[in-house]
Each structure stands twice: as structure tokens, then as C-alpha cells.
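Scroll down for the structure; my scribbles are underneath it.
A short reminder: the numbers here are calculations on the coordinates, not readings from a lab. Values in this document were obtained by computation on a predicted structure and should not be read as measured data. Cβ sites come from the backbone with ideal geometry, for glycine too, and all protein chains shown count toward neighbours.
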Amino acid sequence: MAWSFYLVLAVGGGLWVGLARRGPIPLSLFVSRHGWWEDLGLGVATGLALWGIWQLARRYLPAAQHLEDRLAGLLGPITTSEAIALALLSGFAEELFFRGAVQAAVGWIPATLLFAFLHTGPGRPFRLWTTFALVAGFLLGALMLWRGNLLGPVTAHALVNGINLRGLGRRAARGSAPEPGEPS
């Protein structure tokens with residue numbers, strides 16, 4: 001089901017951008033011919049910063065562990081290649097929709113708030129996910145504003161999702177018990 005959702009989100013974002021621009025979507029929305037390596041590097045740095053923030057939450061907030069247990073149960077065991085594919089698809093689709101379409105239409109802050117609001121779930125543990133999505137959306141939106149293309153935000157989003165999805169898939173496969181040497 002997640003695959004089809006992200007495909008619909010990507011197509012919807014692409015249509016929205018195309019209709020708003022009244023024509024073809026320029027390649028410059030996705031990547032700059034000059035300085036693309038900077039956008040890529042900033043995306044990796046932002047993704048690693050967000051992953052670091054989550055690692056701090058895991059270490060100091062019991063709700064983070066509980067949230068990971070819930071998400072791992074919903075996700076189930078997945079392979080590394082499935083985690084990478086889902087991370088690439090979700091990172092691209094969400095960034096095209098939220099930063100490429102919504103942010104361009106209504107602005108950075110409303111797009112960030114909508115992004116966070118749509119990363120909610122039932123119960124108290126999911127409040128942490130919403131808060132993390134608010135921080136991530138703020139940083140990804142700022143990166144889009146600063147650099148003017150989606151390469152950095154897509155890279156950061158896909159990196160965070162890839163690392164987290166692989167960890168959740170492993171957690172689901174072992175029944176939420178931490179591996180030896182892994183922080184619980």
C-alpha cells in the first residue's frame with residue numbers, strides 16, 4: 001500500500017507543479033546545472049543532522065523507543081533493497097509534493113505545518129513523530145528556499161528514511177529486541 005500512496009503523491013505533486021507553471025516542469029526544479037554537488041552535499045549533511053537528532057531522541061526519550069516499536073510492527077520485516085527503494089520513492093514523492101508544489105503555492109511555514117500534521121498517528125508516541133516531522137519539514141523547506149531546487153531536500157529525506165526504514169525492518173524481524181551492542 002505504501003508504494004501506491006507514494007506513486008500517487010509523486011504524480012499529484014508533478015501535476016500540481018505542471019499546472020501551476022502552465023507547462024512542462026523544468027529540470028532546474030530538481031537539480032541545478034551549476035552547484036549540484038553543493039546541493040547533494042547539503043542534502044547529505046541535512047539528512048545526517050536529522051538522523052543525529054533522532055538518535056538523541058532514541059537515547060533520551062523513552063517515547064522514541066516506543067514509537068519505533070509501533071512503527072516496526074506496522075512496517076514488518078523488510079529487506080535492505082526494499083528499504084532503499086521505499087526511501088527513494090518516499091523521499092522523492094514527499095519532497096516533490098510538499099516542497100515543490102505545496103511550498104511553492106502557499107509558502108514555507110504552511111507547507112511545513114501540513115507536512116508535520118500529515119505525519120501523525122494514534123496515541124501519544126506518535127506526537128514525537130509529528131514533532132520530528134515538523135523539525136525535518138522546517139529544515140527541508142529552508143533548504144529548498146535557499147538552494148531553489150529539490151536535490152538537497154530529496155537527498156536528505158531519502159537518507160533519513162533509508163536509515164530509519166532499514167532499522168525498523170531489522171527491529172521488526174527480531175521482534176523489537178535490540179541486537180547486542182545496539183542501544184535500546
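Please give the Cα centre distance for region 66-96 versus region 108-125, rounded to the nearest Å.
Cα centres, region 66-96 to region 108-125: 17 Å.
Provide the FRET efficiency to the nearest 0.05 for the Arg59-Thr120 pair, computing r from the beta carbons and using R0 = 35 Å.
Efficiency, from the Cβ-Cβ distance: 0.90.
Please work out how much length the chain gains when fully extended from Arg21 to His34, using 0.36 nm per residue of separation minus the C-alpha to C-alpha distance, in nm with one decimal.
Extra length available between Arg21 and His34 comes to 2.4 nm.
For Trp3 and Ala105, what does the FRET efficiency come to when R0 = 25 Å and r is the distance between their Cβ atoms, rounded to the nearest 0.05? Mind showing how you got there, number by number?
Numbers: r = 26 Å, r/R0 = 1.04.
The computed FRET efficiency comes out at 0.45.
Of the GluC sites (Glu not before Pro) in region 1-108, which ones lie in a loop per DSSP and count no more than 10 other C-beta atoms within 10 Å?
Counting only loop positions with at most 10 other Cβ atoms within 10 Å, none of the GluC sites (Glu not before Pro) in region 1-108 qualifies.
If exposed means no more than 13 neighbouring beta carbons inside 10 Å and the site is in a DSSP loop, what's the longest run of the chain without any exposed trypsin sites (Lys or Arg not before Pro)?
By the stated rule (loop sites, at most 13 other Cβ atoms within 10 Å), 34-173.
Rounded, prolate or oblate: which fits the chain when a ≥ b ≥ c are the square roots of the eigenvalues of the alpha-carbon gyration tensor, with rounded for a/c under 1.5 and prolate only if a/b beats b/c? Can you show the working numbers first?
Details: a/c = 1.83, a/b = 1.77, b/c = 1.03.
It is prolate, given that a/c is not under 1.5 and a/b is the larger ratio.
List the residue ranges in the chain for DSSP H helices whose C-alpha atoms run 27 angstrom or more along the long axis and whose Kyte-Doolittle average is -0.5 or above.
2-21, 36-60, 125-147, 151-173
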